[in-house]
Amino acid sequence: MLANAARVSSRSRRRDTPRINSALFRARGCAQGASCGAIAALLTQRNIEEAAKSIGIGTQTLLRWLKIPEFDKAYREARRAAYSQATARLQQATGAAVSTLLKIMVDTNAPPSTRVCVPPTACWITRSRR
């Protein structure tokens, strides 16, 4: 009797977990709420465990979803777009950052320790822009 109760509880837990069927994902894409939430969680959380926990699924479930080619492709596209947007924002801010560094570098009222620290930072910015 006790073994039967354990089986029933594990079955009901499985039913509560959102599932992504490969064919269903192909047909619906990100229109399926669970997959969009999982992709957003993968992009915003520090690791897969935290991403799974944040959307209320198990780590193994999320790892299984990542093995679905369509889900993996959607995740990689979202990740590429997020990275591209972050890079563009950094490029836009580079001019202002360099101007600020140069002002500090030539400011005679700034403490010498601050002025000494600026040139290596400026060199790093110019190297990263190449």
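All of the numbers you see were taken from the coordinates with simple rules; none came from a lab. None of the values given here were measured: they were computed from a predicted structure. Here the Cβ is made from the backbone with ideal geometry for all residues, glycine too, and neighbour counts use every protein chain on show.
Whose amide H sits under 5 Å from the amide H of residue 56, counting only residues 5 or more places off or on another chain, with H placed in the peptide plane?
none
Can you list the residues, at least 5 places off or on another chain, whose amide H is less than 5 Å from the amide H of residue 110, using H built in the peptide plane?
Sorted by chain and number, the residues that satisfy this come to none at all.
Roughly what would the spin-label model give for residue 54 and residue 105, points 7 Å off Cα along C-beta, in nm?
Result for the modelled spin labels: 3.8 nm.
Taking 0.36 nm per intervening residue step and subtracting the Cα-Cα distance, what contour gain separates residue 80 from residue 47 on full extension?
Computed gain between residue 80 and residue 47 is 10.2 nm.
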